[in-house]
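Remarks on the structure that follows.
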Amino acid sequence: MSVIELTIIILIGSYFAGLLGSLTGLGGGFVIVPLLTIALHVDIHYAIGASLVSVIATSSGSAAAYVKEGITNMRLGMFLEIATTAGAMTGAILAIYIPTHYIAILFGCILIASALLSLRNKAEHITKEKSYLAEKLKLNNSYPTADGSVEYSVTNVGGGFFMMLFAGVLSGLLGIGSGALKVVAMDGIMKIPFKVSTTTSNFMIGVTAAASAVVYLQRGYIDPGLSMPVVIGVVLGALSGSKILVQSTSSKWIRVVFSVVVSILAIEMIYNGLVGKI
Amino acid sequence: MNTFKDRDMQSVIGWVLRIGVYLSIGFVVFGGIFYLYRHGHSIVDHSVFKGVPDFISTGSGIIHGIITFRGQAIMQAGIILLIATPIIRVACSAIGFILEKDYLYTCITLLVLLIIFISLLGGHTG
């Protein structure tokens, strides 16, 4: 295939990946890696490298907007970044040694798990329970809503930290943002309001991906010719996604469609991994 | 006083992230045009992993490539800038926490930077 054909196909595919990723909150990486490996027969290491770069672009772009609104809990993000960056470094180094077909199988499994997690109902809960560690680390905070500032507390700091370590490893190993897992850690385990969880997760994704991208870069996994259409496509897709999101509030069906697409891709990845084609 | 400074840090960080993303995407698009113009009709095969071309695997190679308008070098410079953006954001937070005299969080932030630095070395030797 010629460079120009490949670039156009990847650009279009990445646009839709970015669009769906932003509408569902799962991120573009989930579609990019299967698109490149299964449809275009790109080596999985290059695919993961390109995906990581696009993850950094979308996360940084949207974090810039969220940070200004004051919803992001920067101290919480900073503290948990210890876990995610340490995990990401471990994941990126593991990726060098683990055979590629195992990476493909793991990717498929995490894909399905994340799709299921994204379908669950998001109930806004605010806890006032005081935890010693959260108090010491100044994690309790407040966030602005339509009815004024709402105070919240953070619980189970240790459990959340451990989950973030795991999310970091997966991010470094698979080239995804692991946003779904980060939200589970904060919203599910640490009982942080959903809005704060999602924006803080987004804030952390860029740093997490950067920690593993430095390893990938030096290993030659980040090919500029391949990453170029991926980054441009995903960023444009995510921009369109954020515009649509503002206009329509009923995004349940989009998430269902995405989950179906993701499950098909996941099964493909697992199958290709099992027969050793990846 | 404290909240005022937190607000300050938020706007600086938002600003750093935005400039980083715009600048790096600009580099990638600009380099991409050169790359497609020169290599658009070449045949590529990414199915076998063989690293990246030698001239973009070192810093000096990339700088030389940018001066001579080689598309791949310009794109790679954009990608490196993009990867550096969140790291610069962390460094800015460290300065912000020092200004706020929040020494606990200064240490936490420096620890994150240290981990990224170790990761940088790990990629070389591992």
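The values are calculated or read from the model by the stated rules, or taken from the named source; none is laboratory data. Quantities reported herein were computed from a predicted structural model and do not represent experimental measurements. Heads up, the Cβs are rebuilt from the backbone with ideal geometry, glycines too, and the neighbour counts pull from every protein chain shown. Note: accessible area is taken over every heavy atom of the protein model, side chains too, but ligands, DNA and RNA are not part of it. Shrake-Rupley method; radii C 1.70, N 1.55, O 1.52, S 1.80 Å.
Counting only other chain Cβ atoms within 10 Å of each residue's Cβ, the peptide A:73-81 averages 5.
Sequence-distant contacts, meaning Cα pairs under 8 Å at least 6 residues apart, place the relative contact order of chain A at 39 percent.
A cut-off of 5 Å between modelled amide H atoms, ignoring neighbours fewer than 5 places along the same chain, links residue A:192 with A:187.
Taken over the C-alpha atoms, chain B has Rg and Dmax values of 18.8, 61 angstrom.
Over the whole of A:197-209, what's the average partner chain Cβ count within 10 Å per residue? Rounded to a whole number, please.
2
Descending by average beta-carbon neighbour count within 10 Å, the peptides B:115-121, A:50-56 line up as A:50-56, B:115-121, the highest first. Put simply, the C-alpha atoms of region A:1-51 give a gyration tensor, and the ellipsoid matching it has half-axes of 19, 13, 7 Å, longest first.
Could you compute how fast region A:179-278 diffuses translationally, taking Rh as the Kirkwood radius over C-alpha pairs and applying Stokes-Einstein at 20 °C with viscosity 1.002 mPa s? Give it in µm² per second.
Translational D for this selection: 128 µm²/s.
Near residue A:150, the amide H atoms lying under 5 Å from its own belong to A:143, A:145; only residues 5 or more places off or on other chains count, and H is placed 1.01 Å from N.
Solvent-accessible area of region A:155-278 (1.4 angstrom probe, protein heavy atoms only): carbon and sulfur portion equals 72 percent. In chain A, taking the dipole from charged Cβ atoms about the Cα centre, the farthest positive-side position among A:58, A:82, A:112 is held by A:82. The 3J(HN,Hα) values that the Karplus relation (6.51, -1.76, 1.60; θ = phi - 60°) gives for region B:70-83 are, in residue order, 8, x, 5, 5, 5, 4, 5, 4, x, 5, 5, 5, 5, 5 Hz. Gly and Pro appear as x.
Region A:131-182 and region B:47-113 have Cα centres spaced 25 Å apart. Across region B:99-108, rounded Karplus estimates of 3J(HN,Hα) from the backbone phi angles (6.51 cos²θ - 1.76 cosθ + 1.60, θ = phi - 60°) give 4, 7, 6, 9, 6, 4, 6, 5, 5, 4 Hz, Gly and Pro being marked x.
The share of accessible area on chain B that comes from carbon and sulfur is 74 percent, using a 1.4 angstrom probe. Taking all Cα pairs closer than 8 Å and separated by 6 or more residues, the relative contact order of region A:77-210 comes to 38 percent. Here is the interface size for A with B: some 5300 Å² of accessible area buried, both sides summed, with a 1.4 Å probe. Taking each DSSP H run with n ≥ 4 as -39500 (n - 2.57) and averaging over every residue of the protein assembly as shown yields -25500 deg cm²/dmol at 222 nm. Accessible surface for chain B, divided over its residues, is 54 Å² per residue with a 1.4 Å probe. Compactness check for region A:107-162: Cα Rg over 2.2 N^0.38 Å is 1.50. With 23 Å as the limit on Cα-Cα distance, the pairs of A:130/A:195; A:182/B:101; A:68/A:138; A:191/B:5; A:277/B:50 that go past it are A:182/B:101; A:191/B:5.
When ligands, DNA and RNA are left out and all protein chains stay put, how many square angstrom of accessible area per residue does region A:120-278 have with a 1.4 Å probe?
Details: 6630 Å² over 159 residues.
With the other protein chains kept in place, region A:120-278 gives 42 Å² per residue.
Calculated FRET efficiency, residue A:2 to residue A:194, Cβ-Cβ distance, R0 = 35 Å: about 0.15 to the nearest 0.05. In region B:78-109, the residues whose accessible area drops by at least 30 square angstrom when the other protein chains are added to the isolated chain are B:79, B:82, B:83, B:86, B:89, B:97, B:102, B:104, B:105, B:108; the probe is 1.4 Å and only protein heavy atoms count.
Kindly sort B:11, A:131 by accessible area of their heavy atoms, largest first, with the probe set to 1.4 Å.
Reading off the accessible areas and sorting them downward yields B:11, A:131.
Panel note: contact residues of region B:30-55 (accessible area lowered by at least 20 Å² against the chain on its own; 1.4 Å probe) correspond to B:35, B:36, B:40, B:41, B:43, B:44, B:46, B:47, B:49, B:51, B:52.
The loop-placed GluC sites (Glu not before Pro) in region A:24-131, going by DSSP, that have at most 14 neighbouring Cβ atoms within 10 Å of their Cβ come out as A:124, A:129. With all protein chains in place and ligands, DNA and RNA left out, the 1.4 Å accessible area ranks A:109, B:92, B:107 as B:107, A:109, B:92, largest first.
Counting only other chain Cβ atoms within 10 Å of each residue's Cβ, the peptide A:62-70 averages 6. Take chain A, connect every pair of alpha-carbon atoms lying under 10 Å apart with a spring to form a Gaussian network, then pick out the residue of A:191, A:243, A:182 with the largest mean-square fluctuation. Result for chain A, Cα springs under 10 Å: A:243 fluctuates most.
At q = 0.12, 0.14 Å⁻¹ the log10 of I(q)/I(0) for region A:29-141 amounts to -0.64, -0.84, computed by Debye summation with a single uniform scatterer per C-alpha, solvent ignored. Here the protein assembly as shown is described by how far its Cα atoms reach on the three principal axes: 61, 44, 41 Å, from widest to narrowest.
If A:68, A:128 are ordered by their accessible area, calculated over protein heavy atoms with a 1.4 Å probe, which sequence runs from highest to lowest?
Sorted descending by solvent-accessible area, the residues read A:128, A:68.
Fully extending the segment from residue B:49 to residue B:110 would add 18.4 nm, taking 0.36 nm per residue of separation and subtracting the current Cα-Cα distance.
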